[in-house]
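Structure first, commentary second.
The values are calculated or read from the model by the stated rules, or taken from the named source; none is laboratory data. These numbers were taken from a predicted model, which means no experiment stands behind them. Neighbour counts run over all protein chains shown; Cβ positions are idealised from the backbone, glycine included.
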Amino acid sequence: MQTKKTHTVQEATAKLEHYCAYQERCHKEVREKLKSLHMIPEAIDVIVVHLLEQNFLNESRFAKTYVSGKLRIKFWGRHRLTFELKKKGIGKININEALKDIDTEEYIYIFTKLAEKKAFNITGTDKYKKRKKLTDYLIYKGWESHLVYEKANELFK
């Protein structure tokens, strides 16, 4: 039988400081990590408060970093970004602040490049099916429907 390795509060705090310093984390991820280390709820609360006080954990900073990264790397639109941040337990104020930081020109540029690349790679001859594939893909990626339909109509006249 395998025994669970236990950690002192100091050991767990050091581990979590490194965990948060390596990459921005949200409260939910930190709490899950602490649970995986078999920490009791009281110790989890103490460690989370410490991380907040020492600025290792900051939901606003996390939301801004997350939005920036997922927009530029995974090409997610505002709807998908909002949905994913809500899933991570980020508050509405932090989500709105992070989305406000998106540069409109860059956002439209990323959308246009993504739509054109996807449209070029869709095979078939029926322009209506191609348009549907493109719109489904872009909606799934979280782009606003008015942008999606305008671009699909422009690319598949």
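Of a type in the set (Ser, Thr, Tyr) and either assigned by TED's automatic domain parsing to the domain that holds Ser145 or without any contact (Cβ under 8 Å) to a residue 12 or more places away in the chain (or both): which single residue out of Thr104, Thr82, Thr13 fits that description?
Thr104 is the lone residue from the list that is of a type in the set (Ser, Thr, Tyr) and either assigned by TED's automatic domain parsing to the domain that holds Ser145 or without any contact (Cβ under 8 Å) to a residue 12 or more places away in the chain (or both).
Looking at the stretch 92-107, is at least one residue assigned to a helix (DSSP H, G or I), surrounded by fewer than 13 Cβ atoms within 10 Å (Cβ to Cβ) and over 18 Å from the mean Cα position of the chain (by Cα)?
Yes, the conditions are met somewhere in the stretch 92-107.
Among the listed residues Gly89, Gly124, identify the single one that is surrounded by fewer than 17 Cβ atoms within 10 Å (Cβ to Cβ), within 30 Å of Glu29 (Cα to Cα), out of contact with any Pro (no Cβ under 6 Å at 6 or more places or on another chain) and of a type outside the set (D, E, K, R).
Just a single option satisfies the conditions, and that option is Gly89.
Keeping to the stretch 1-56, report how many residues are part of a loop (DSSP other than H, G, I, E, B), closer than 27 Å to Val67 by Cβ and of a type outside the set (D, E, K, R).
Qualifying residue count, the stretch 1-56: 5.
Could you please find all residues in the stretch 115-137 being closer than 28 Å to Glu84 by Cα and either among the acidic types (Asp, Glu) or touching a Lys or Arg at 6+ places or on another chain (Cβ under 7 Å) (or both)?
Correct list: Ala115, Glu116, Ile122, Leu134, Asp136, Tyr137.
Can you tell me which residue among Lys132, Lys151, Lys118 is touching a helix residue (DSSP H, G or I) at 6+ places or on another chain (Cβ under 6 Å), without any contact (Cβ under 8 Å) to a residue 24 or more places away in the chain and in a helix (DSSP H, G or I)?
On inspection, the qualifying residue turns out to be Lys118.
When the stretch 119-157 is examined, which residues are found to be modelled with pLDDT of 90 or more and of a type in the set (Ser, Thr, Tyr)?
Selection gives Tyr128, Thr135, Tyr137, Tyr140, Ser145, Tyr149.
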